[in-house]
1. Can you tell me the order of A:745-754, A:46-55, A:706-715 when each peptide is scored by its average per-residue count of other Cβ atoms within 10 angstrom, highest first?
2. Given q = 0.10 Å⁻¹, what are the Debye log10 I(q)/I(0) values for the range B:2-109, with equal point scatterers placed on the Cα positions and solvent ignored?
3. Please list, in order, the residues from the range A:342-372 whose amide nitrogen is less than 19 Å from a point placed 7 Å along the Cα→Cβ vector of residue A:453.
4. Quick check: the distance between the Cα centres of the range A:730-784 and the range A:117-169, to the nearest angstrom?
5. Could you work out the mean count of beta carbons from other protein chains within 10 Å of each residue's beta carbon in A:932-945?
6. In peptide A:755-762, how many Cβ atoms from other protein chains are near each Cβ within 10 Å, on average?
7. Taking each residue in B:39-52, count the Cβ atoms of any other chain within 10 Å of its Cβ, then average. What number comes out?
8. Roughly how big is the range B:2-109's charge dipole about its Cα centre, with Cβ charges of +1 (Lys, Arg) and -1 (Asp, Glu), in debye to the nearest 20?
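Only the coordinates and a few stated rules stand behind these numbers; no lab work does. Because the structure is a prediction, the values reported are computed rather than measured. A quick note on method: Cβ atoms are made from the backbone with ideal geometry, for glycine too, and the neighbour counts reach across all protein chains shown.
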Amino acid sequence: MTLVIVLIACLAGALLALLFKLGSFERKFSITSLSLFLALAPGWTFIWLLGRAPQVIATGVGGSQLEWSFAWLPSLGLNLSFYLDGLSLLFGLLISGIGVLILVYTGYYFKGDASAWRFLAYLLLFMAAMLGLVLAGDTITLFIFWEATSITSFLLVAYKYKDESARQGAFRALLITGGGGIALLAGLLLVQSIAGSSQWRVILNSGALIRGNDLYPLALALIAFGAFTKSAQAPAHIWLPGAMSAPTPASAFLHSATMVKAGIYLLARFNPALGNTDLWFWMLSLVGMLTMLTGAYLGLKQNDLKALLAYSTISQLGVMVMLIGQDTEIAFKALVVGILAHALYKSALFMVAGIIDHETGTRDLRQLGGIWRAMPATFSIALVGALSMAGLPPLFGFLAKETLLATVTHPSVPIVWDWIFTLAVVTAGALLLAQSGLLVAGAFLGKRPEGLSAHEAPAPMWLAPAVPAVASLLISALPEPASIAGLLASAAASAFGAKVKVSLALWTGLTVPLLLSIVAVSLGSLIFYFRNRVRNRLMSILPDFTFNRAYQGLLSGVDRAAYLVTRTQHGRLRSYLSVMISALGLLLLFLGRIPVVAPFIQAPRLDLSGELAVLRLFSLLLAVAAALATILLHRDLFAILALSASGLSIAMLLILEPAPDVAMVQIIVDLLLVVILVLALTRIPREQRDRARYYTFHQGGLSLARDIILAAGAGIVMTAVTYQALTSRPRQSILTPYYFENALPLTGAKDVVGAIVADFRGFDTMIEISVFAMAGIGVYTLLRYASRKAGDRDERSPAPAGQALKSLGIGGLNTSPFIRSVASAVLPLALVISATHLLLGHMQPGDGFTAGVIASLAVAFWYVIFGYDVTRQRLRWFKSPYLTGAGLLLALLNASVPLLLAQPIFSPLDYGAMLGISLPAGMKLTSALVFELAIAISVVGGVSAILDALGHPKDDDVDAIRHLQEIPPGE
Amino acid sequence: MDLLFSIAVGAMFAIGIFQVLRRNVIRSVIGLFILSNAVNLFLLSSGAYQGVVAAYVNGSSLTASDALPQALILTAIVISMGGLALVLSLVYILSVRYKISDADKIKKLRY
């Protein structure tokens, strides 16, 4: 059935661990019983996978009958899929089998610690991630689970998060494996795009295609980088010793059988697709060899049991990477044997290290010794594990090393390298043997230090490591265990891409590998015998140097670079602006290749022959001159008026175009703008404004020169850009004729500009009114916030309708009765004009924007003439939240109505014709009309928010006004 | 005419940028609006042809003005008003918070 069941079992286990805490079951059940119960999840997985083994083994190379796929994003060809073949099966069995032992062991390791439910939950999550990784059926699924293992292992390593070193170790592991993960993702995507599918089935069968592609080296390098960081290959190996600050069960699980093997799995998985090239061979062989030697050498310098084991793991991982690099049958035989052997003995040894730590309170070799009498069972397990690690017969580790030695003497490499590899393997073998000896002798033999108490662990705790240790003994001792050989052969075949014969016979005659093995063992024994002298010598060589230094240097380098970059943030806003403007100008010049000087040298004569050209020239001059006046005029109010004049000149140009719709909006907005600016100006204290003005007009010569140069430069660039754009534009528009021809038939509008705004580009317009509404709300919120900061009263509800308030204009000035009656008359008039514009907008000038700004202008007039209180009291409908919301909602509803009629959103509809309503000529009840209404309402809403916020007097003014209002008229 | 429009756009840009660089933040707001006017002017001048009558479908044989840039300017005008109001409220907040409207004294954005 479905493979995904396997994951669900472990996830359910993790959930159960969580429930243990949430349901307060810790009073009824101990953590040990919980842990034993949870061991059922991987146990069941193990049995389930074992049940599939015959089927998988029978299938042979290059296929799997066990697949499960769930269409996830079918449009992108992404599936959540799982796939089971020999290689996945081997890893799946290792993960679940050792998982059971680890859970049993954990129950006793954390005995009595009820908070360990967290550890159990992480552990099961990690297990699920790891199973998902090896069972993944495509690259994306693999990547997701790959990252999941990084994160769950981070949680496990940082389990003792109060411990500084645990946090640092976890962080370093995450940083390195996470960085590798990013590279891996890029590599996987490359492979996927080359092979045309993310499925293993396809990728594994398109090896020739992938290897032939130009991007092959890049894809390979990225994937290998991901695998190397995960599998702790030098120099990325530094995270593994740091991760030893994890609780020992996690180390035994993650750093022996599972997580560090993920990279090995990945490389083995990709071998049929990416392997068998020179690049593959040299990259993997050299990195593997370097790692093997680094681990073997550094391990000998360690005093901490777990660190020693970590380094020997690094060394073994190097061996495995080296093996994958060789494209020979025997190498893959050695690989699978090595993976199984290493998983067995290393998990046993880690658990032994945990027992020693647990029972004696230390894992330091210098403080241990002579405890073998006290802990006979643990000692025996350690002995078996260490012998296997040393590669001595009759243990499984011997087989692994034997096949490894056979590999490197295989005549597929240049003869010199053959010798180098052989020498390296023999050296590493000797060093590993010495490490194993050091482990057993240092911890269990010799003189027992004073005050070291030790006693045997509870039986289940040592039984857990006993299982793999005994298995390691049995596999090689039993006569030819065919089923295991078959499983290993199947796994090797999946990785190799062709059939592999695996025999597990110990004695194969007097061969070269055996001779090499003897050399390695003798050398190792020598090192072990002189271990103290050798170790002292080693300690004195570069005692301070570790790769960690380089890592720390890198990190602090990043910090320093960040600091330097931050230094450029000096807080002088105008300098930021200058930099931005200059950069933008230069970018325009150099990237756009705009000629700056040429157009002016071959300047065409001023052409004023066109119609109304003189008027245009006049308007342009006025616009520029008025803009210039905003600089020269000292008083802010005058500058604002000059700005308005400049805007009105632009409106003049719009009239000359002729563009009546736009000109109307421009004029009204310009007037509104004056109101808004003046309202804002009155809120800034006069003394403050005077000071700012003083600074502005007494600027230092140097900075003034800078500003002038910048501004002039920007002006010249913009002139050149505009000239280039205007002279190179086509004189025949592509779009406009379309709008002209289709405005009437498609939208029923004669006003083409209105048709574009409300129909052709209706969606844009809708977004634009949303932006405007948001700006209004933004102003409102900001100013309310400012008022609160300034200590104003928070809520200001309008005065009740009946209360007579005196009308006071801007700044509390009295306004004349004449002007007040004009203002009273203007509002209804403006509303009528607005309505006319709306209704007839499609046939004549005007549209929703015009209507909206006309109504707003009249209201703004009220704010100026009557003041805030009276306006709010008399215009109760003028409430921004309701107006804005209603406008936007109406626009949205109107746009969605066509959906009900199975037409695309924003389709034009003629409601009048649909409902059979007859209207006067020139009026049509269309969806465009509703949209124009919505635009008008939301524009009024936005402006009302702005006016409400800016026109809202500050409290000191308010008090003054209220005070004035209390005085009855006539006094 | 193209050259005239280009020079006018460039001049308004220069004035706008000079104003934006003032220490007085009120002048910077004015500068921003001049810049937005300059952009509208550019849009206006970028019409493919010059018309004689407004852009209506009325069967007239005279050339109508280019409707597309006009539609662009129409929305741009209203939005720039909203943007300006937002900037003004920011200026007011600065004045409340720093008790000054001098760009060089507003320095809390520093590292």
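1. Final packing ranking: A:745-754, A:706-715, A:46-55.
2. Log-scaled intensity ratios, in q order: -0.42.
3. It comes to A:355-364, A:367-372, nothing else.
4. When both Cα centres are located, 53 Å separates them.
5. On the way: counts 0, 0, 0, 2, 0, 0, 0, 3, 0, 0, 5, 4, 0, 2.
Whole-number average of other-chain Cβ neighbours for A:932-945 is 1.
6. Taking the mean over all residues of the peptide, I get 3.
7. Numbers: counts 1, 6, 9, 5, 1, 8, 8, 4, 6, 9, 6, 9, 4, 3.
Mean shielding by partner chains, rounded to a whole number: 6.
8. Values: 8 positive and 4 negative charges, 173 e Å.
Computed about the Cα centre, the dipole is about 840 debye.
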